[in-house]
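*Asks:* Have a look at the structure that comes next, please.
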Amino acid sequence: MAGNDFDPGELSLFDPRFISDPHPVYRKVRAQCPVAVDPFAGNPMLTRHEDIADALRTPGVYSSGMDATALGNQRPLIPLQVDPPLHTEYRKLLDPRFSRARVRELEGDVRQLAGRLVNDFVENGRCEFNSEFAIPFPCSVFLGLMGLPLEDLDTFLALKNGIIRPPATDQQDAEAARERAARKIDDYFTRALARKKKNPGEDLMSWFLGAEIEGRKLTHDEVLGICFLFLLGGLDTVTATLGCSVEWLARNPVDRARLVADPSLLPGAVDELLRFHTPVVGVARVLRRGVTLGGHEYEAGQPITLLLGSANTDSDAFKEGDSVKFDREPNPHLAFGAGPHRCLGSHLARMELKIALEELHKRIPSYAIADGEKVRFGLAIREVECLPLVFPPGIRTQADAS
Ligand code: HEM
């Protein structure tokens with residue numbers, strides 16, 4: 001095993017070229033050392049598929065406790081920042097609400113929403129895909145699921161951005177901005193819960209009010225911890241995946257034409273594009289006991305990053321991992337994590353992504369990135385910040401209900 005003496009050289013994780021094309025850095029970091037050092041925070045990073053899959057499945061050593069990440073929250077994000085065995089109780093409660101069958105029931109409404117959003121720009125021959133589709137789409141699905149008013153879309157987006165993209169120039173400012181945003185989020189959900197208490201519905205927020213673990217009702221703080229996490233985990237991830245996927249399809253017309261001609265390829269394509277782009281580039285853990293990694297000893301309390309993007313392009317796990325193959329089988333990618341904290345919303349996310357591409361391609365089968373426009377990539381998570389598309393103007397098609 002090589003040491004952790006990764007020399008990022010010209011290309012590093014914080015180089016703009018890495019942001020638009022991370023694969024060369026992933027290759028380099030894996031080849032040089034299974035345990036690299038994050039040049040920014042100085043923390044070790046696991047880089048290989050096998051090691052990362054093991055770490056994700058060993059929460060007794062690689063803990064997800066609150067000290068693994070600083071997001072301005074005063075209480076743990078539930079279930080993300082809770083270790084088993086309590087974590088297992090939360091997942092037993094939440095998993096059935098996000099099962100494949102439950103998600104299938106939402107498909108009709110989600111399809112209508114996707115159709116309406118594409119209809120709004122289909123006749124224009126151009127759109128900025130992020131602001132006109134990839135941002136409002138998952139956020140509207142989410143408001144519906146929670147039973148929150150659609151008019152809150154902009155408030156909701158601003159609340160979330162206050163945590164993910166705090167308006168600040170340095171670390172200290174960012175932490176203060178996150179704490180302010182976290183208080184506003186708590187206030188927003190506290191008011192919404194009070195309304196639901198008076199007027200319960202069939203939605204998730206109303207259900208939280210009566211939900212029980214270990215024979216007792218969830219406390220107000222626990223419900224806030226869950227809502228806070230849903231807001232942070234369920235919106236930008238889908239937006240980012242959609243942006244990266246559509247950007248890739250715009251630049252690869254032959255592959256896009258295959259999807260348009262044969263939508264049965266879509267489920268495989270959605271997963272393969274998730275693997276290839278891995279929008280959640282890495283996840284945070286903190287060591288619960290001392291371990292030796294890459295020949296170095298690390299003590300309990302050491303924060304550590306699991307570089308999912310590197311795991312997902314590791315040639316030991318994926319033949320030709322730097323190429324997109326819609327029919328890749330098997331595809332053991334870690335874009336949704338693995339082990340006890342594997343993404344609660346993966347069925348919802350896959351359904352949203354599949355329907356979005358289906359409804360887009362039904363109306364706009366051919367599109368390209370606008371001439372002279374440069375696509376901007378961001379790294380809060382791996383995302384396309386601005387995606388200007390041009391296409392032959394299409395026709396508004398009634399949004400199907402099924
Ligand atoms: C393409 C979209 C998505 C991606 C790439 C993604 C990715 C991830 C990843 C990598 C984790 C594991 C984190 C860790 O191990 O530390 C995770 C956890 C989680 N995700 Fe997602 N996610 C997506 C969509 C969603 C959606 C739509 C929801 C909606 C509720 C959601 C809710 C959660 C929750 C609650 C957890 C924590 C699970 C736990 O700790 O037990 N995610 N997600």
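The values are calculated or read from the model by the stated rules, or taken from the named source; none is laboratory data. Source: prediction; values computed, not measured. All Cβ positions, even for glycine, are placed from backbone atoms using ideal geometry, and neighbour counts span all protein chains on display. Heads up: the accessible areas ignore ligands, DNA and RNA and are worked out on the full protein's heavy atoms, side chains in. Shrake-Rupley method; radii C 1.70, N 1.55, O 1.52, S 1.80 Å.
*Asks:* Distance cut-off 25 Å, Cα to Cα: go down the list K160/K217; K92/K184; K92/K196; K28/K354; K196/K354; K198/K354 and report the pairs above it. Intermediate results must be reported in sequence, preceding the final value.
*Replies:* Working: K160/K217 27 Å; K92/K184 29 Å; K92/K196 23 Å; K28/K354 32 Å; K196/K354 32 Å; K198/K354 37 Å.
From the list (K160/K217; K92/K184; K92/K196; K28/K354; K196/K354; K198/K354), the Cα-Cα distance tops 25 Å for K160/K217; K92/K184; K28/K354; K196/K354; K198/K354.
*Asks:* Connecting C-alpha atoms closer than 10 Å in a GNM of the chain, tell me which of T155, T278, T47 has the biggest fluctuation.
*Replies:* Of T155, T278, T47, the Gaussian network model singles out T155 as fluctuating most.
*Asks:* What ranking do 328-337, 139-148 get when scored by the average of other Cβ atoms within 10 Å per residue, highest first?
*Replies:* Highest mean packing first, the order is 139-148, 328-337.
*Asks:* Using θ = phi - 60° and the Karplus relation 6.51 cos²θ - 1.76 cosθ + 1.60, list the HN-Hα couplings for segment 93-101 in order, rounded to whole Hz, with x at every Gly or Pro.
*Replies:* Each residue of segment 93-101 in turn: 6, 7, 3, x, 6, 10, 5, 4, 5 Hz.
*Asks:* 222 nm [θ] for the chain, helices only, -39500 (n - 2.57) per DSSP H run of 4+, per residue, to 500?
*Replies:* Values: 16 runs with 184 residues, N = 402.
Computed mean residue ellipticity for the chain: -14000 deg cm²/dmol.
*Asks:* Which net charge results when you count Lys and Arg as +1 and Asp and Glu as -1 among the other residues whose beta-carbon is under 14 Å from that of K319? Please list the in-between numbers first.
*Replies:* Working: positive: R275, K325, R328; negative: E272, D314, D316, E320, D322, D327, E329.
Local charge sum for K319: -4.
*Asks:* Next question, about the same structure. Could you point to the residue in S206, C227, F276 farthest towards the positive end of the chain's charge dipole, with +1 and -1 charges on the Cβ of Lys/Arg and Asp/Glu respectively?
*Replies:* Farthest towards the positive end: S206.
*Asks:* By per-residue mean of other Cβ atoms within 10 Å, what is the highest-first order of 129-138, 204-213, 94-103? Before the final figure, lay out each step's value.
*Replies:* Working: 129-138: 21.9, 204-213: 16.6, 94-103: 13.9.
My ranking of the peptides, most packed first, is 129-138, 204-213, 94-103.
*Asks:* Could you check which residue among A177, A257, A41 shows the biggest mean-square fluctuation in a GNM of the chain with a 10 Å Cα cutoff?
*Replies:* Result for the chain, Cα springs under 10 Å: A41 fluctuates most.
*Asks:* Taking a ≥ b ≥ c as the square roots of the Cα gyration tensor eigenvalues, with a/c under 1.5 meaning rounded and otherwise prolate when a/b beats b/c, else oblate, which class fits the chain?
*Replies:* Numbers: a/c = 1.62, a/b = 1.08, b/c = 1.50.
It comes out oblate by the Cα gyration axes.
*Asks:* Which of S310, S323, S245 moves most in a GNM of the chain, Cα contacts under 10 Å?
*Replies:* S323
*Asks:* Under a plain spin-label model, where a point goes 7 Å from the Cα along Cα-to-Cβ, how far apart in nm are K197 and D221?
*Replies:* According to this spin-label approximation, the distance is 1.7 nm.
*Asks:* For the chain, what relative contact order do you get, as a whole percent, if you take Cα pairs closer than 8 Å and at least 6 residues apart? Present the calculation step by step, with values, prior to reporting the outcome.
*Replies:* Numbers: 635 pairs, mean separation 115.2, N = 402.
This gives 29 percent for the chain.
*Asks:* What is the set of long-range amide H partners of C386 at a cut-off below 5 Å, with H atoms built 1.01 Å from backbone N?
*Replies:* Result for C386 returns R376.
*Asks:* Can you run phi through the Karplus equation (6.51, -1.76, 1.60; θ = phi - 60°) for segment 302-308 and list ³J(HN,Hα) in whole Hz, with x for Gly and Pro?
*Replies:* The phi angles translate into 6, x, 9, 10, 9, 7, 4 Hz.
*Asks:* How much accessible area per residue does segment 186-241 have, in Å², with a 1.4 Å probe?
*Replies:* Numbers: 2530 Å² over 56 residues.
Result: 45 Å² per residue.
*Asks:* Quick one: 3J(HN,Hα) in Hz for segment 76-87, Karplus 6.51/-1.76/1.60 with θ = phi - 60°, rounded, Gly and Pro as x.
*Replies:* Values, residue by residue: x, 6, 10, x, 4, 9, 10, 8, x, x, 4, 3 Hz.
*Asks:* Please state the charge dipole magnitude for the chain, taken about the Cα centre, from unit charges on C-beta atoms (+1 on K and R, -1 on D and E), reported in debye and rounded to the nearest 20.
*Replies:* Numbers: 48 positive and 57 negative charges, 179 e Å.
In total the dipole reaches around 860 debye.
*Asks:* While we're looking at this one, here's another question. Let's see if you can work this out: charge +1 on each Lys and Arg Cβ, -1 on each Asp and Glu Cβ, no other charges. What is the dipole magnitude of segment 230-337 about its Cα centre, in debye to the nearest 20? Provide the component values of the computation, followed by the final result.
*Replies:* On the way: 10 positive and 14 negative charges, 36 e Å.
Once rounded to the nearest 20, the dipole reads 180 debye.
*Asks:* Taking all protein chains in place and a 1.4 Å probe, what share, in percent, of the accessible surface of segment 16-390 do carbon and sulfur account for? Before the final figure, lay out the partial values.
*Replies:* Values: 8220 of 16190 Å².
In segment 16-390, the share of accessible area belonging to carbon and sulfur is 51 percent.
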